[in-house]
Amino acid sequence: MNTLIIGFILGCVFGAILFLGGASSYRKILGTLLLKDMTIIKLMLTAIGVGSLGVYLLDLGGLANLSIKPAYVWGIVAGGAIFGIGWAVSGYCPGTCVVGTSEGKLDALFTLGGALVGAFIFSLVYPTLDTWLLQNANLGKITFVDLIGVEGIYLAIPFSLLLLALAFFVLKDRYGEET
């Protein structure tokens, strides 16, 4: 099967999970940002926990090709700030704005348009950013696995179990409580 078709199908499944999990709902997003509704946080923790374990199991079986990208400190800081500000202002992250757009939500459509314009502008200024910002704090292709010298699967198992335990047993919705 063509890689693009597989990617499209997986993207549709991911979008359906986001939709069914309420990740494009204004009430759920606001509840998450106020740390009152843990649904989206639980959804993200579950996805990261299952995904981490899945990737390392696939790697262990020789079915995955882990391609580590260089750690550009200033790029990570700037990207995290842009992501956080964008999520706080619009109420959407890149995945949920696509889901919201597919639901016909106008605010999600504007968020998606802004993200595409931002990506286009970034592509135009990337050569300049690369020389004076990104390369100045390039730590190379480092991983936690490399730093401590342990096979990835031995970190993925407890990490995944911790995230799944947080999602299913620790985090509780806090509606009605005083903050």
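Each reported figure results from applying straightforward, stated rules to the coordinates on display, with no laboratory input. Everything numeric here is computed off the predicted structure, so don't read it as measured data. Note that each Cβ is placed from the backbone with ideal geometry, even for glycine, and that neighbours are counted across all protein chains shown.
When the alpha-carbon atoms of the stretch 1-132 are used, the pair Rg, Dmax equals 16.8, 44 angstrom. Applying a threshold of 20 Å to the alpha-carbon distances of K28/K105; K36/K172; K105/K172 flags K105/K172 as lying beyond it.
Note on the chain: with a GNM built from Cα contacts shorter than 10 Å, the maximum mean-square fluctuation among G149, G113, G15 falls on G149. Listed by chain and number, the lysines whose alpha-carbon sits under 26 Å from that of K141, ignoring those within fewer than 8 places in the same chain, are K69.
Counting other Cβ atoms within 10 Å of each Cβ, which trypsin sites (Lys or Arg not before Pro) in the stretch 38-146 have at most 15 and sit in a DSSP loop? Walk me through the intermediate numbers first.
Details: sites: K42, K105, K141; in loops: K105, K141.
For trypsin sites (Lys or Arg not before Pro) across the stretch 38-146 that sit outside H, G, I, E and B with at most 15 neighbouring Cβ atoms in 10 Å, the list reads K141.
Among W132, W87, W74, whose mean-square fluctuation peaks in a Gaussian network model of the chain (Cα, cutoff 10 Å)? Result: W132 has the largest fluctuation of those listed.
Send over the Kirkwood Rh of the stretch 2-75, from the inverse of the averaged 1/r over different Cα pairs, rounded to one decimal Å.
Details: mean 1/r = 0.0676 Å⁻¹.
Radius from the Kirkwood sum: 14.8 Å.
Using helices alone, I'd like the mean residue ellipticity at 222 nm for the chain: each DSSP H run of four-plus residues gives -39500 (n - 2.57), total over residue count, nearest 500.
Details: 8 runs with 118 residues, N = 179.
Here the helix-only value at 222 nm equals -21500 deg cm²/dmol.
Is the C-alpha gyration tensor of the stretch 64-179 telling us rounded, prolate or oblate? Criteria: a/c under 1.5 is rounded; beyond that, a/b larger than b/c is prolate, otherwise oblate. Spell out each step's value before the answer.
Values: a/c = 2.04, a/b = 1.01, b/c = 2.01.
Oblate.
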